[in-house]
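Remarks on the structure that follows.
The values are calculated or read from the model by the stated rules, or taken from the named source; none is laboratory data. Not measured: the values here are computed from a predicted model. Please note: Cβ atoms are built from the backbone with ideal geometry, for glycine as well, and neighbour counts cover all protein chains shown. All accessible areas refer to the heavy atoms of the entire protein, side chains included, with ligands and DNA or RNA removed. Shrake-Rupley method; radii C 1.70, N 1.55, O 1.52, S 1.80 Å.
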Amino acid sequence: QVQLVESGGGLVQAGGSLRLSCAASGRTFVINTMGWYRQAPGKQRELVATITRSGSTNYSDSAKGRFTISGDNAKNTMYLQMNSLKPEDTAVYYCNARGTWVYWGQGTQVTVSS
């Protein structure tokens, strides 16, 4: 099993920044890709960004140029640096890990005020 714990969410004004963290524990050696997803009220969960164990990254169109995903393999921690935040970025952000199975964190709320 893999456990994921997110932190770093909160309330920020439009144009501001936040950094989310996701700490993984347990059988972390089975993980080959981690990512961030988000779900706004009334909408489906959507991909924000992913990163592989080797460091390859992928971003949604809405995240490109504003968000940066990174990882620290030694600490089993993944980050999402979010800059130039917009009200439409308001959502619950979920950490995701994929290996043989798919694991999800409990989510952290990000609210961007206009």
- Find which of Val30, Gly16, Pro41 sits farthest along the positive direction of the dipole of the range 1-92, computed with +1 on the beta-carbon of Lys and Arg, -1 on that of Asp and Glu, about the Cα centre. Val30
- Quick one: net charge around Asn83, please, counting Lys, Arg +1 and Asp, Glu -1 for every other residue with C-beta under 14 Å from its C-beta. +3
- Item | Projected-area mean, the range 54-94, by convex hull of Cα positions, square nanometres | 3.5 nm²
- Note on the structure: Largest-first ranking of Phe29, Phe67 by accessible area, probe 1.4 Å, whole protein assembly kept, is Phe29, Phe67
- Rounded if a/c is under 1.5, else prolate if a/b beats b/c, else oblate: with a ≥ b ≥ c from the C-alpha gyration tensor eigenvalues square-rooted, which is the range 11-62? prolate
- Would you give the gap between the C-alpha center of the range 46-114 and the C-alpha center of the range 1-24, rounded to a whole Å? 8 Å
- In whole Å, largest first, what are the principal axis extents of the Cα atoms in the chain? 41, 25, 21
- Query: Ignoring any ligand, DNA or RNA, what whole percent of the accessible area of the chain comes from carbon and sulfur when the probe is 1.4 angstrom?
  - Reply: 48 percent
- Task: Enumerate the lysines that Lys64 could reach by cross-link, defined here as Cα to Cα under 18 Å, with residues fewer than 8 away along the same chain left out.
- Result: Lys86
- Here the net charge surrounding Ala97, from other residues whose Cβ is less than 11 Å away from its Cβ (Lys, Arg +1; Asp, Glu -1), is +3
- Item | Residue of Arg66, Arg19, Arg27 that the Gaussian network model of the chain assigns the largest fluctuation, springs spanning Cα pairs under 10 Å | Arg27
- Message: Give me the one-decimal nm value for the distance between modelled label points at Ser7 and Glu46, 7 Å along each residue's Cα-to-Cβ direction.
- Response: 2.9 nm
